[in-house]
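Bear in mind that the values in this text are calculations on the coordinates, not laboratory data. Everything numeric here is computed off the predicted structure, so don't read it as measured data. Backbone-built Cβ (ideal geometry, glycine too); neighbour counts: all protein chains shown.
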Amino acid sequence: MDFSHSTRSVELQEQLRRFIVEAIDPIRADLDQHRTQHPTQPDPLMTRLQEEAKAAGLWNLCIRDPAWGPGLSFVDYAPLAEIMGADRVAQEATNCAAPSNINADALIPYGSDEQKGRWLEPQLAGRIRSAFAMTEPDAASSDAANISLSAVERGDGSWVLSGRKWYISGVLDPLCAYLLVMACTDPEAPSHGRHTVFLVPLDTPGLRVVRDLPKFGFYDHGGHVELAFDDVVVSSDAIVGQVGGGFAIGQARLGPARVQHCMRSIGIAEDALSRLCRRADARSTFGLRLSERSNIWDWIADARIQIEAARLLTLRTAWLMDTAGDKAAAEQMSILKVHVLDTVFAVVDRAVQVHGAAGVSDDTPLANWYANLRSLKIADGPEEVHRMAIARRELRRNT
């Protein structure tokens, strides 16, 4: 196994770090202020950053297909994702922010030429964004077979979508233009053939935002909304791939999504550990700096050990995806999702503890990271589902 990064990746890492320091950091506060004051309007500062990222060759870095993006291997992309992990602005400025970037993983192999021309190309150009509607309020969505939003074909070849989705990220972004919607087209079919993915423009009649939903009290730019599909009519051209092929498309999208979440999460762990160390060295209790106490040493040492192990596991998974394909790496993806999020969540939790009251406030990003990481232990497949898959494979190998 070769986890070394190419010369191109190393150069991009240095470029990306400079871009964050020289282009993003000076206007970060202004960007936050504009989004707070004008949440429904496109941000000219972000547009400027994206143009600078394009000019610097820091654009669509996550797109592996060389026909649609820079064609970096996942091993080469991993350190770039880590650099951007704690910096949502950098992710968006380089057009690498979820969920749009992950939807491209579905449209590139499964979308029709018309869908790619109308939706994928402007998305990869940064003119529009998108969202993925799968989770439902009245279904245990961790089991995809339970997805029940219905899609019924009419005599004229169009389809009527009816039901609810919720915690759909990115819909309130002013550039969000379409959804990929997982719908049940045949409830009597085998579990992996019941569903179909539809591409639904956001302005389609009958599609309604019910409310924006918080994550542990935090509201994110772009939102996490509940959607009502009140007899939404789409043509057969809205079908992505084949009728009944939704499960395969969902897996093609979710596998790389999990790995990218893990790559970015390691960047959060590194930032949290750095904050922990600086805080511990700056605060004293009962006559000693926190950094002189043995339990803090243990926390710091354990964090470093766990982060290094998580990074190696991430690179091994990326290497398998590069060399054997995404499907061959499925088992590693499950192991990765559980281990990395457990690791990063523990590191952030320790950093919160060392920061005391400041750790649960908005004075640091720790509380927001904590909330997002806790939600990621549910999103993209709850860790219990991944543990079940891991255990089943082990039983098949050993019994």
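Compute the semi-axes of the equivalent ellipsoid of segment 207-254, taking the square root of 5 times each eigenvalue of the Cα gyration tensor, and list them largest first in whole Å.
After scaling each eigenvalue by five and taking roots: 27, 17, 8 Å.
Report the one residue of Ser130, Gly356, Ser142 whose Cα lies farthest in the direction of the positive end of the charge dipole of the chain (charges on C-beta: Lys and Arg +1, Asp and Glu -1; origin at the Cα centre).
Checking the options against the dipole of the chain, the answer is Gly356.
Evaluate the Kirkwood expression for the hydrodynamic radius of the chain, namely the inverse of the mean inverse distance over all pairs of different C-alpha atoms, and round to one decimal in Å.
Final number for the Kirkwood radius of the chain is 22.2 Å.
How large are Rg and Dmax for segment 248-398 when only the alpha carbon atoms are used, in Å?
Considering segment 248-398 through its Cα atoms, Rg and Dmax are 17.4, 60 Å.
Give the calculated FRET efficiency between Asp65 and Val160 to the nearest 0.05, with a Förster radius of 22 Å applied to their Cβ-Cβ distance.
0.10
Specify the residue with the greatest mean-square fluctuation among Trp119, Trp297, Trp159, computed from a Gaussian network of the chain linking alpha-carbon atoms under 10 Å apart.
Maximum among the listed residues: Trp297.
Span-like helices, the chain: DSSP H, alpha-carbon axial extent 27 Å or more, mean Kyte-Doolittle -0.5 or greater, which ones?
The qualifying helices are 246-282, 294-324, 330-355.
Using unit Cβ charges (K, R positive; D, E negative) and no other charged atoms, how large, in debye to the nearest 20, is the dipole of the chain about its Cα centre?
Using Cβ point charges on Lys, Arg, Asp and Glu, the chain gives about 800 debye.
Please report, in Å, the Rg and the Dmax of segment 1-147, where both are computed over Cα atoms only.
Cα radius of gyration and Dmax of segment 1-147 are 16.8, 49 Å respectively.
Give the relative contact order (percent, whole number) for segment 153-208; include only Cα pairs under 8 Å separated by 6+ residues.
So the answer I get is 28 percent.
With point charges of +1 on the Cβ of Lys and Arg and -1 on the Cβ of Asp and Glu, referenced to the Cα centre of the chain, which listed residue (His195, Leu376, Gln242) lies farthest in the positive direction of the dipole?
Leu376
Considering Cα pairs under 8 angstrom that are at least six residues apart, work out the relative contact order of the chain and quote it in whole percent.
Normalised by residue count, the contact order of the chain is 14 percent.
Could you sort 282-291, 262-271, 353-362, 198-207 so that the peptide with the highest average Cβ count within 10 Å comes first and the rest follow in order?
Packing order, densest peptide first, comes out as 262-271, 198-207, 353-362, 282-291.
What is the set of long-range amide H partners of Ser130 at a cut-off below 5 Å, with H atoms built 1.01 Å from backbone N?
Ser100, Ala177
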